[in-house]
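Right, I'll just put the structure down here and ask away after.
The values are calculated or read from the model by the stated rules, or taken from the named source; none is laboratory data. Note that the coordinates shown come from a computational prediction; the quantities given were computed from them, not determined experimentally. All Cβ positions, glycine included, derive from the backbone under ideal geometry; neighbour counts span all protein chains shown. When the accessible area is computed, the model is the full protein with side chains, heavy atoms only, and any ligands, DNA or RNA have been set aside. Shrake-Rupley method; radii C 1.70, N 1.55, O 1.52, S 1.80 Å.
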Amino acid sequence: METVRVDLPGRAYDIHIGPGLLSSAGTLMTPCLARQRVFVVTDDNVAPRHLDRFRAGCAGAGIEVSSLVLPAGEATKSWARLEEVVEWLLMVRAERNDAVVALGGGVIGDLTGFAAAIVRRGIRLIQVPTTLLAQVDSSVGGKTAINSPLGKNLVGAFYQPDLVLADTDVLTTLPRRDLLAGYGEVVKYGLLGDAAFFEWLEEFGPALRDGDTAARVHAVRRSCEMKADIVLRDEKEHGDRALLNLGHTFGHALEAATGYSDRLLHGEGVSIGCVLAFDLSAQMGLCAQEVPSRVRVHFRDMGLRTQLHEIPGGLPDADDLVDLMRQDKKVRDGQITFVLARAIGEALVVPGVDLAPVRALLSDALATPAPVS
Ligand SMILES: NC(=O)c1ccc[n+]([C@@H]2O[C@H](COP(=O)([O-])OP(=O)(O)OC[C@H]3O[C@@H](n4cnc5c(N)ncnc54)[C@H](O)[C@@H]3O)[C@@H](O)[C@H]2O)c1
Ligand SMILES: [Zn+2]
């Protein structure tokens with residue numbers, strides 16, 4: 001087991017990473033518990049696959065488990081489900097010193113985290129992320145949210161967990177497409193701040209994808225270290241934390257354009273978005289011309305999408321995509337901030353980018369025909 005400590009003053013917590021952690025969940029959680037009881041929120045894909053092992057891991061340490069199983073899917077990050085989780089926690093008499101456990105992907109983590117932040121003005125939170133995306137990104141750093149009918153993640157709170165348990169064994173049941181989408185975020189860390197990690201991914205990414213435990217543990221650990229480091233510098237996103245949005249300005253517009261549907265998963269949007277961000281950086285003369293193709297080749301070799309024509313169904317034109325970027329909640333005074341790069345591993349936040357080259361880049365990308373197969 002490896003451990004990354006997130007050293008926020010007064011709210012420090014550990015991220016434990018390794019195979020088989022569910023089976024020792026009880027022992028690992030005990031230091032965070034005021035009594036031998038936890039309240040688990042999970043979804044109906046994760047429950048049949050992993051809840052029993054979590055329960056057994058708790059029973060071994062004498063910890064009683066109550067659970068709430070919600071429908072899987074993004075639609076669960078709603079006001080109605082938030083109410084359900086909050087009322088359930090009150091009904092089962094979760095006390096302020098008790099811990100609620102989010103056992104699932106980013107959807108369960110974001111929803112449960114937000115519920116934990118507001119029940120009794122804040123009860124303890126333990127994240128047990130079960131997707132690669134949740135292990136490297138959403139379970140760490142304290143952002144919680146639900147969606148509003150007006151947009152994604154528009155309602156939420158910053159609320160740090162007391163503990164994160166990332167059991168790499170649970171990833172074996174994750175559909176390959178979800179695993180690869182999570183991998184898009186892993187690559188992002190290398191691209192934004194660690195060229196050596198990107199090189200490591202070029203070499204060991206395929207092993208990670210194909211189930212190598214040591215490679216998975218290493219990638220989750222390095223990703224969490226990088227996220228923790230950025231969150232420590234800028235917990236509430238006034239500055240450096242925006243680096244984590246590399247690929248996301250483009251990616252969010254593409255997700256919005258495809259209705260947040262199965263046509264494009266978040267991490268898939270991030271992989272196309274990272275390639276576009278490097279293309280833009282090269283066009284603006286920030287990075288060398290050959291860098292974007294190295295980025296594209298790695299995503300493609302791993303089986304991720306890198307081009308707009310790989311998104312099934314039509315896309316809006318470049319003007320409309322730029323309009324979608326303007327609606328992002330990170331836009332200030334109509335100015336769009338991009339995360340661009342000087343090189344692999346050297347990203348920078350650039351506010352107020354001129355939109356003409358962005359439109360031109362998107363027009364070209366939309367016009368690139370699908371290769372004849
Ligand atoms: N809080 C943050 O900082 C942050 C960061 C990134 C993303 N997010 C949020 O995370 C969400 C996406 O997270 P996600 O990709 O984990 O989605 P998800 O939670 O919907 O999980 C993806 C799918 O995998 C299933 N699943 C989960 N674990 C499994 C397992 N071990 N085996 C088999 N199936 C499993 C889920 O039921 C779901 O169908 C979005 O709502 C996004 O906004 C939050
Ligand atoms: Zn993301």
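Taking the criterion of being under 24 Å from H248 (Cα atoms), of a type in the set (G, A, S) and in a helix (DSSP H, G or I), would at least one residue in region 221-231 satisfy it?
Yes; the residues of region 221-231 include at least one that is under 24 Å from H248 (Cα atoms), of a type in the set (G, A, S) and in a helix (DSSP H, G or I).
Which numbered condition trips up R241, out of (1) at pLDDT below 95; (2) of a type outside the set (V, I, T); (3) under 19 Å from L132 (Cα atoms); (4) open to solvent by less than 10 Å² (accessible area, probe 1.4 Å)?
Condition not satisfied by R241: (3).
State which residue is nearest to ligand 1 (Cβ to nearest atom) when the search covers only region 134-170 and only residues that are among the charged types (D, E, K, R) and in a strand (DSSP E or B).
Per the stated criteria, the residue is K143.
Continuing with this model, one more query. Just to be sure before I move on: is R221 charged (D, E, K, R), crowded, with 17+ Cβ neighbours inside 10 Å and touching a residue at least 24 places away in the same chain (Cβ under 8 Å) in the structure I sent?
Considered against the rule, which asks whether it is charged (D, E, K, R), crowded, with 17+ Cβ neighbours inside 10 Å and touching a residue at least 24 places away in the same chain (Cβ under 8 Å), R221 comes out as yes.
Within region 196-218, count every residue that is open to solvent by 40 Å² or more (accessible area, probe 1.4 Å) and aliphatic (A, V, I, L, M).
Of the residues in region 196-218, 2 are open to solvent by 40 Å² or more (accessible area, probe 1.4 Å) and aliphatic (A, V, I, L, M).
Scan region 65-94 residue by residue and report those that are charged (D, E, K, R) and modelled with pLDDT of 95 or more.
Correct list: K77, R81, E83, E84, E87, R93.
Is it true that some residue in region 365-373 is among the aliphatic types (A, V, I, L, M), in contact with a helix residue (DSSP H, G or I) (Cβ under 6 Å, 6 or more places away or on another chain), assigned to a loop (DSSP other than H, G, I, E, B) and open to solvent by 30 Å² or more (accessible area, probe 1.4 Å)?
Checked against the condition, which is being among the aliphatic types (A, V, I, L, M), in contact with a helix residue (DSSP H, G or I) (Cβ under 6 Å, 6 or more places away or on another chain), assigned to a loop (DSSP other than H, G, I, E, B) and open to solvent by 30 Å² or more (accessible area, probe 1.4 Å), region 365-373 yields at least one hit.
Within region 247-360, considering only helices (runs of 4 or more DSSP H) that don't extend past its boundaries, which have at least 2 residues that are within 27 Å of L150 (Cβ to Cβ)?
Per the criteria, 248-257, 266-283, 318-326.
Right, something else. I'd like the full set of residues that are aliphatic (A, V, I, L, M), out of contact with any strand residue (DSSP E or B) (no Cβ under 8 Å at 6 or more places or on another chain) and crowded, with 17+ Cβ neighbours inside 10 Å, limited to region 325-354.
If the condition is that a residue be aliphatic (A, V, I, L, M), out of contact with any strand residue (DSSP E or B) (no Cβ under 8 Å at 6 or more places or on another chain) and crowded, with 17+ Cβ neighbours inside 10 Å, then M325, I336, I344 are the ones that fit.
Name the single residue that is nearest to V231 (Cα to Cα) among those in region 254-277 being away from ligand 1 (no atom under 15 Å from the Cβ) and buried (at least 24 other Cβ atoms within 10 Å of the Cβ).
A277
Among T173, T131, which is near ligand 1 (Cβ under 7 Å from one of its atoms), under 16 Å from the mean Cα position of the chain (by Cα), open to solvent by 10 Å² or more (accessible area, probe 1.4 Å) and not aliphatic (A, V, I, L, M)?
Every option except T131 fails the conditions.
Could you list, in sequence order, the residues of region 288-322 that are open to solvent by 10 Å² or more (accessible area, probe 1.4 Å) and closer than 20 Å to V349 by Cα?
A288, Q289, V291
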